Amino acid sequence: MEMQSISEQWEVQMHEVRARAREAGGGPGVVPAREALAMSGLEVMQAMLAGRFPYPPIAETLDFFLIEAGKGEAVFQGRPQVKHLNPMGTVHGGWYATLLDSAVGCAVHTMLEAGQAYTTAELSVKLVRGARLDGGPLRAIGKVLHCGRQLATAEGRIVDADGRLYAHATTTCLVFAAR
């Protein structure tokens, strides 16, 4: 039996997560606020992974998807497409920034208690390698560094299946009572 490469395993996982969302009726949309208010941030993220809650419309626009969510961590996977190129023919920095903002923000979200919300106050992104359209999938891995009553900080990295770094980011998020 032939072993799958990490890149192939990532593709299979992405297919499974998307299929699960479709089968459960999940599509693009906004999480229902009334339900989300009664749930922890981690429960909200897990509901998205299960297809019970919709995934954000930006995921279709930029071709990325939430793959995993655990306490203090969120993983998104994407693959840049022609529609993500800038006029010079390279992947637009906004694609990396949005993928990283999603990973670090959702990592913070997993730390919130029911009735709490957050917003990004600061995001710093550094691009270190250009993604190729013919390359494999990329993953943005966000991890919380600190989550307090009012501020949370997290860091994220975009890597390929071989562990090569493409971009990294830090964020500061404001934590507050949801309305």
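The values are calculated or read from the model by the stated rules, or taken from the named source; none is laboratory data. Predicted model, so just to flag it, every value in this text is computed and none were measured. Neighbour counts are summed over all protein chains in view; Cβ atoms, including those assigned to glycine, are modelled from backbone coordinates with ideal geometry.
Return yes or no: is Gly26 of a type in the set (Gly, Ala, Ser), at pLDDT below 95 and over 20 Å from Arg139 (Cβ atoms)? Even if it seems obvious, please write down each step before you answer.
On the way: of a type in the set (Gly, Ala, Ser): yes; at pLDDT below 95: yes; over 20 Å from Arg139 (Cβ atoms): yes.
Yes: the conditions hold for Gly26.
Restricted to the range 16-32, and to residues there that are part of a helix (DSSP H, G or I) and touching a residue at least 24 places away in the same chain (Cβ under 8 Å), the residue that is nearest to Gly70 (Cα to Cα) is Val17. Taking the range 132-164 as the range and being surrounded by fewer than 13 Cβ atoms within 10 Å (Cβ to Cβ) and either under 15 Å from Cys106 (Cα atoms) or touching a strand residue (DSSP E or B) at 6+ places or on another chain (Cβ under 8 Å) (or both) as the test, the residues that pass are His146, Gly148, Arg149, Gln150.
Could you list all residues from the range 64-98 that are acidic (Asp, Glu) and either closer than 21 Å to Leu123 by Cα or in contact (Cβ under 8 Å) with a residue 40 or more places away in the chain (or both)?
Glu73
Exactly one residue out of Ser40, Ser5 is among the hydroxyl-bearing types (Ser, Thr, Tyr), over 21 Å from Lys126 (Cα atoms) and crowded, with 17+ Cβ neighbours inside 10 Å: that is Ser40.
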